Structures are given as C-alpha cells and as structure tokens.
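The values are calculated or read from the model by the stated rules, or taken from the named source; none is laboratory data. Quick caveat, the model's predicted, so the values are computed rather than measured. Please note: Cβ atoms are built from the backbone with ideal geometry, for glycine as well, and neighbour counts cover all protein chains shown.
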Amino acid sequence: MSRAIAVRAMDGFELAAYAVQVERLYRLCFSTPPWLESEERLVGFHDRFDQHLSNPGASGVVVTDGEELIGVVYGWPAGDELASGSPFDDALAAAVTPEIARRLVAPAVVVAELMIDPRRQRRGIGRALLTRYVEEWPAAWLATHSEAPAARMYREEGWRQEAEFTVDFQPMVVFTWQAPRRTVSSARRAARG
C-alpha cells in the first residue's frame, strides 16, 4: 500500500460525493462469482445507492489511496421493525424467526454494503472497515451471498450466521454481531480512567 492511504468516516451526504467511485467498485465486486450480477442489476445500483443513502442516519467509512476509492462500508441505523416492500426485505422477513428479527432492529445498525477493490482484497482492509463501522453500535447485521469469500471473515470476526434465504435466485445468509459485553470490573476500571 502507498503512503497516500486514508480512512475516513462520513455521513450519507458526504458519501454521496463518492457515488461514481462507489458504483465502479460495486461493478468490480459484484460482476464476478459468486454474484455474477446481470448488467441490468449492475446499472441499477445507482438508484439503489441513492435509496440507501436516503435512510435516516446513513453513514459509511471509505478507504482511499490518493484519489482512488479502494474500499467502502456503509449502512444506517435499523428501524424499530423489519423493513418490507422490496424483494430483499420481504424474503428476509419470511426467513427469520421472531427471535432473530429482534436482533435485526434498533438498536442495531444495518451494514448495507462492504466492498473492497478485488486487487486489494485479502489484506485486512475489509476487516478493518467493518470493525470501524460497527464499533460504536451495540449490534449490527448484514446479508451476503452464501458462497461469498467474506462470509468466512464474518465468522472469524465473531459474526453469527442466523438464517438463509433466497432473493432473485441468489442464496443469501444473514449474519448478526453483538458488541462484546464488558464485565463489571472492566467497566469500573474504564470509569476510573
């Protein structure tokens, strides 16, 4: 990696300024196996990205090398109920039990996308981005292709595979994450400074 590597957290408005680069990254990441998304779906990411960023509290973390975006993670605070109305939302809701559904709503954060330039993968960038993005939250969740290489990383990082479902013929898995609970003694030490 070069010395021009920068990591920056940002709100949805700031992230929108990276739209062209995020779309390029999406195409690089999702046109290959296991995703093999159609040209129509790849082109449609522009509208989905705008819709994602319109969620209240949308935010993200980007990694750049000079002017080049090499990684991004973004999402938004989960609502009080599971979303509905899209093929993804409806398939997810049908696949999870009420117990799992409780882990997918507030106070969790939804991790909508985690993308690393394929030329930069397997260097810890995705792991670092994901950790940074969820670190201030008590819980998080995401969904990915059941055969995505990142699924192994999620498991290694303590994410729990909760359910499987299918959207547009793609096999998906839902992962949840809970912040480590501090013990009473560690909380007291932290309070004392």
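A few comments on the model shown:
- Of the residues making up segment 1-24, those that are touching a residue at least 40 places away in the same chain (Cβ under 8 Å) and in contact with a Phe, Trp or Tyr (Cβ under 9 Å, 6 or more places away or on another chain) are ALA9, MET10, GLY12, LEU15, VAL22.
- Residues satisfying the stated conditions in segment 52-90, i.e. loosely packed, with under 12 Cβ neighbours inside 10 Å and either aromatic (Phe, Trp, Tyr) or out of contact with any Ser or Thr (no Cβ under 9 Å at 6 or more places or on another chain) (or both): SER54, PRO56, GLU67, ASP80, GLU81, SER84, GLY85, PRO87
- Residue, farthest from GLU113 (Cα to Cα), within segment 1-33, restricted to residues that are part of a helix (DSSP H, G or I) and acidic (Asp, Glu): GLU14
- Of the residues making up segment 77-94, those that are within 24 Å of VAL134 (Cα to Cα) and among the hydrophobic types (A, V, I, L, M, F, W, C) are ALA78, LEU82, ALA83, PHE88, LEU92, ALA93.
Conditions (1) under 21 Å from GLY12 (Cα atoms); (2) of a type in the set (Gly, Ala, Ser); (3) in contact with a strand residue (DSSP E or B) (Cβ under 6 Å, 6 or more places away or on another chain), marked per residue:
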| site | (1), (2), (3) |
| --- | --- |
| VAL105 | yes, no, no |
| VAL109 | yes, no, yes |
| ARG119 | no, no, no |
| ARG123 | no, no, no |
| ALA128 | yes, yes, no |
| GLU135 | yes, no, no |
| ALA143 | yes, yes, yes |
| ALA148 | no, yes, no |
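- Number of the condition not met by GLY57 [criteria: (1) touching a Gly at 6+ places or on another chain (Cβ under 9 Å); (2) at pLDDT below 95; (3) not in a strand (DSSP E or B)]: (2)
- Filtered by the rule that a residue be part of a loop (DSSP other than H, G, I, E, B), modelled with pLDDT of 90 or more and either in contact with a Ser or Thr (Cβ under 8 Å, 6 or more places away or on another chain) or surrounded by fewer than 16 Cβ atoms within 10 Å (Cβ to Cβ) (or both), segment 114-145 gives GLU135, GLU136, PRO138.
- Selection from segment 71-108 of residues that are part of a strand (DSSP E or B) and either small (Gly, Ala, Ser) or over 15 Å from the mean Cα position of the chain (by Cα) (or both): GLY71, GLY75
- Applying a threshold of 7 Å to beta carbon distances and a minimum spacing of six or more residues, or different chains, the list of pairs starting in segment 75-92 at a residue that is farther than 11 Å from ALA108 by Cα and of a type in the set (Ser, Thr, Tyr) and ending at one that is surrounded by 11 or more Cβ atoms within 10 Å (Cβ to Cβ) and modelled with pLDDT of 95 or more reads SER84/ASP90; SER84/ALA93.
- Condition check for VAL111: within 18 Å of the chain's Cα centre (by Cα) and either free of Cβ contacts under 8 Å to residues at least 40 places away in the same chain or part of a loop (DSSP other than H, G, I, E, B) (or both): yes
- Of the residues contained in segment 30-41, none is found to be among the hydroxyl-bearing types (Ser, Thr, Tyr) and at pLDDT 95 or above.
- Filtering segment 10-22 to residues that are surrounded by 15 or more Cβ atoms within 10 Å (Cβ to Cβ) and more than 16 Å from ASP65 (Cβ to Cβ) leaves MET10, GLY12, LEU15, ALA16.
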